[in-house]
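The structure under discussion appears below in the form of structure tokens.
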Amino acid sequence: MQKIINEMTWKVAGEAGHGILNAGLVMFAKSCVRAGMHVFATAEYPSLIRGGHNHLDVRVSETEIHSQQQHVDLLVALNKESITRHAHKMSEGGGIIYDGDDVNIEGSTRRDIKLYPVPLMKIANTCGGTIMRNTVAIGATFALTGFDIEILNTVIRDNFVTKKGEIVALANIAAAKAGYDYVKNNFKDDFAWALVRRSRGNKIFLSGNEATVAGALRAGCKFVAAYPMTPTSSVLMLMAGQEKDYHLVVKQTEDEIAAINMAIGASFAGARSMVATSGGGFSLMVEGLGLAAQTETPLVIVEGQRPGPATGMATHSGQADLRFVLHASTDEFPRIVIVPGDVEDSFHYAIKAFDLADRYQMPVIILTDKYVAESYKTTEEFATDDVVIDRGLLSKGDVGEGYLRYKVTVSGSSLRSVPGQKGGRHVASSYEHDEHGFEREEEEVRIAMHNKRFRKLEHAAKELPQPELYGAKEADMTIISWGSPKGPIREAMKLLAKEGITINYLQIVFLSPFPSQKVRDVIKSAKHTVIIENNKTSQLSSLIREHCLCDADFKMLKYDGRPFYPEEIAAGVRKLLRERKLSTLEFSKGSIIRAV
């Protein structure tokens, strides 16, 4: 039979706490990366240590890919619930690997779906116990797809020998081989998808959080303070693992208030510093955010969005913190807000964030979300030889006589000293102040200092890169979006191109200062425009109305805690182009649920 080579979506699903996600990422996804394939992986899991349902989607391809897909070609179902939840997503001729001794699904799925009952638990118990069940299933997966199991063995050795020892590594290799052999000995070679080794090149595989950390390290970050909060907890852990190699100070604080105040202190002392949190933690940081603005202290804040309010859906994704981070403050002060859309953005804009914080001596917020932060993607190894660190107006030695820390300048930025520099002594308090830093309340002082701070944003607006327009200049539909929908949008563009529908896409990365002219020009020149974002009120739409005095024609909104599928976006574009009278489409569970 003619097989589909290196174009497959694989899902593993089961009960939380059994190592499903780790096995899928470490063993299956990394084996495919090592075999030279492009890989995208994203997981959904409950806020539970054990119990509940979790699943990992891994998509592999011959060419670059940017998101998951809606359908599943091969499902590894580790319990009956996994089949109930996901069997309807199976592609035509897809397969399900399951434990035939534990679950009977004969007759409960579509007739075209191929069933592969494998005694996962029985085999696992002969190789080291229940925990090996996932490894058995991955061995079975590679047997069905004709994958070179030696690649899997090298991945297991590399990931287990150092961390858990030779015995554990050998047990996992034996479990994978047992699952592999069972499938080869008991089933025909009739699965339509195959995985074939290619040249790896310089491909790397990492998550958005890992890319952010790599960018921060390359930028020279030396102090990190955080209180663990999904989806940015791994930023703290990853940074802690690099303390010795990169000479960092990493603090897990008692709360977010302490975290931001420690980071401000470190930055005041001259270190590039960062905090990482989510919306709830950022709420506690707001007073400290104002302190950084008032003292004109550089600070990078990573804010990972998730659905709220309050605790909301702690392990899911959303884009509803935009207005919050733009305006969180007492009174008003400038801040730069950067929104990466994928792994590559996360790395490069992390470096940019530290430069901007130093140059303009203000808070810079990297606004990410669970989908970008925790999804993994294959990319080319980052080139950093041309990275030049810009510390702005940071004094490198004695400051000299007559030093004014808050001197009123055309750019709004002033020479910054650090403790111990001769002549650099000054007052830095939370109170309004004059050029020396002394507390003042006169009208003319207040106006001068307030205008000084805001001039920084005016100058930043002139140097920041403009939004990138993907696709042809002229198109049937123009998509405008920010953040994590980037990947699904780019995949939807591929789907629609096959149907002769041309799409272009404006990605807005800097939301403060807002690129008004570029956005206005794109909207005015487009045939039809649609805004896509993961929130209820279309916060980007209100920003465009505020800054550009115009509106997009349509909106696509999703706020169920899950990212967009490319198929959803493609279906929405078709519907909008066909009916044209609709203003808003809302999505859930892979389809349009409401048209307004």
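Restricting the GluC sites (Glu not before Pro) of the stretch 365-412 to loop positions (DSSP other than H, G, I, E, B) with no more than 10 neighbouring Cβ atoms within 10 Å leaves 381, 401.
Could you please report the charge total around residue 224, scoring K, R as +1 and D, E as -1 over all other residues with beta-carbon less than 11 angstrom from its beta-carbon?
Net of charged neighbours comes to +2.
Between the Cα long axis of helix 149-164 and the first principal axis of the chain there is an angle of about 50°, rounded to the nearest 10. Other residues whose C-beta falls under 9 angstrom from the C-beta of residue 62 contribute a net charge of 0, scoring Lys and Arg +1 and Asp and Glu -1. Amide H contacts of residue 90: 72, each under 5 Å away and 5 or more positions distant or on a separate chain (H built 1.01 Å from N in the peptide plane; Pro and chain starts excluded). With the charge dipole of the stretch 393-464 set up from +1 on Lys and Arg Cβ and -1 on Asp and Glu Cβ about the Cα centre, the Cα lying farthest toward the positive end among the listed residues 418, 448, 404 is that of 418. Computed from backbone phi, the HN-Hα couplings of the stretch 80-96 come to 5, 4, 5, 6, 4, 6, 10, 4, 5, 8, 5, 6, 4, x, x, x, 10 Hz, rounded to whole numbers (Karplus: 6.51 cos²θ - 1.76 cosθ + 1.60, θ = phi - 60°; Gly and Pro given as x). Only alpha carbons enter this Debye calculation for the stretch 468-595, each as an equal point scatterer, and the log10 of I(q)/I(0) it gives at q = 0.09, 0.11, 0.12, 0.17 Å⁻¹ is -0.21, -0.32, -0.38, -0.81. Quick one: which residues, 5 or more positions from residue 365 or on another chain, have an amide H under 5 Å from its amide H? H modelled 1.01 Å from N in the peptide plane, none for Pro or chain starts. Hits under the 5 Å cutoff: 301, 336, 337, 338. Rounded to the nearest whole angstrom, the semi-axes of the ellipsoid equivalent to the stretch 393-464, taken from the Cα gyration tensor as √(5λ), stand at 21, 18, 9, largest first.
Over the stretch 198-278, the hull volume per residue, using the convex hull of the C-alpha atoms, is 93 Å³. Rounded to the nearest 10 degrees, the inclination of helix 279-294 to the longest alpha-carbon principal axis of the chain is 20 degrees.
Need one number: % antiparallel among DSSP beta bridges in the chain, to the nearest 5. Let's see the in-between values first.
Numbers: 32 of 89 bridges.
Roughly 35 percent of the DSSP beta bridges within the chain come out antiparallel.
Packing here is the average count of other Cβ atoms within 10 Å per residue, and on that basis the peptides 346-355, 8-17, 508-517, highest first, run 346-355, 8-17, 508-517.
Computed from the Cβ-Cβ distance with R0 of 30 Å, the FRET efficiency linking residue 593 to residue 498 stands at 0.70.
Contact order normalised by length for the chain, with contacts defined as Cα pairs under 8 Å and 6 or more residues apart; what percent is it?
12
Once you have the alpha carbon radius of gyration of the stretch 296-436, what is it after dividing by 2.2 N^0.38 Å, with N set to its residue count?
For the stretch 296-436, the normalised Cα radius of gyration comes out at 1.28.
One equal scatterer on each Cα of the stretch 353-436, no solvent, Debye formula: the resulting log10 I(q)/I(0) at q = 0.14, 0.15, 0.21 Å⁻¹ is -0.67, -0.73, -1.09.
DSSP bridge analysis restricted to the stretch 35-140 gives an antiparallel fraction near 45%, rounded to the nearest 5. For the stretch 393-464, the dipole from Cβ point charges (+1 on Lys and Arg, -1 on Asp and Glu) about the Cα centre works out to 440 debye, to the nearest 20. Only one residue of 592, 171, 84 has its Cα farthest out toward the positive end of the dipole of the chain, where Lys and Arg carry +1 and Asp and Glu -1 on Cβ, and that residue is 84. A cut-off under 11 angstrom between Cβ atoms defines the neighbours of residue 71, and their net charge, with Lys, Arg +1 and Asp, Glu -1, is -1.
Taken along its principal axes, the alpha carbon cloud of the stretch 176-329 reaches lengths of 70, 38, 26 Å, longest axis first. Across the stretch 371-380, coupling constants 3J(HN,Hα) worked out from phi with the 6.51/-1.76/1.60 Karplus curve, θ = phi - 60°, read 5, 5, 5, 10, 7, 10, 8, 6, 8, 6 Hz, and Gly and Pro carry x. Taking the Cα centre of the chain as origin and assigning +1 to Lys and Arg Cβ atoms and -1 to Asp and Glu Cβ atoms, the resulting dipole is close to 960 debye. Taking the structure as given and computing Cα Rg over 2.2 N^0.38 Å, which label from [x] 0.98; [y] 1.13; [z] 1.04 fits? Answer by label: [z]. Evaluated at q = 0.13, 0.17, 0.20, 0.25 Å⁻¹, a Debye calculation over the C-alpha positions of the stretch 1-79 (equal weights, vacuum) places log10 I(q)/I(0) at -0.40, -0.65, -0.85, -1.18. Loop-located GluC sites (Glu not before Pro) in the stretch 254-295 (DSSP state not H, G, I, E or B) with no more than 16 neighbouring Cβ atoms inside 10 Å: 254. For the chain, build the charge dipole from Cβ charges (+1 Lys, Arg; -1 Asp, Glu) around the Cα centre, then report which of 279, 160, 107 sits farthest towards its positive end. Checking the options against the dipole of the chain, the answer is 107.
For the stretch 4-201, a simple Cβ point-charge model (Lys and Arg +1, Asp and Glu -1, everything else neutral) yields a dipole of about 340 debye relative to the Cα centre. Applying both filters, DSSP loop and at most 15 other Cβ atoms within 10 Å, to the trypsin sites (Lys or Arg not before Pro) of the stretch 232-330 eliminates every site.
Pairs of Lys residues in the stretch 468-595 that lie 8 or more places apart, or on two chains, and have C-alpha atoms under 15 angstrom apart add up to 12. Placing pseudo-labels 7 Å out from each Cα toward the beta carbon at residue 249 and residue 388 gives an inter-label distance of 3.0 nm.
Just so you know, all these numbers are worked out from the coordinates, no wet-lab data involved. These figures come from a predicted structure and were not determined experimentally. With ideal geometry, Cβ positions are generated from the backbone for all residues, glycine too; neighbour counts draw on all protein chains shown.
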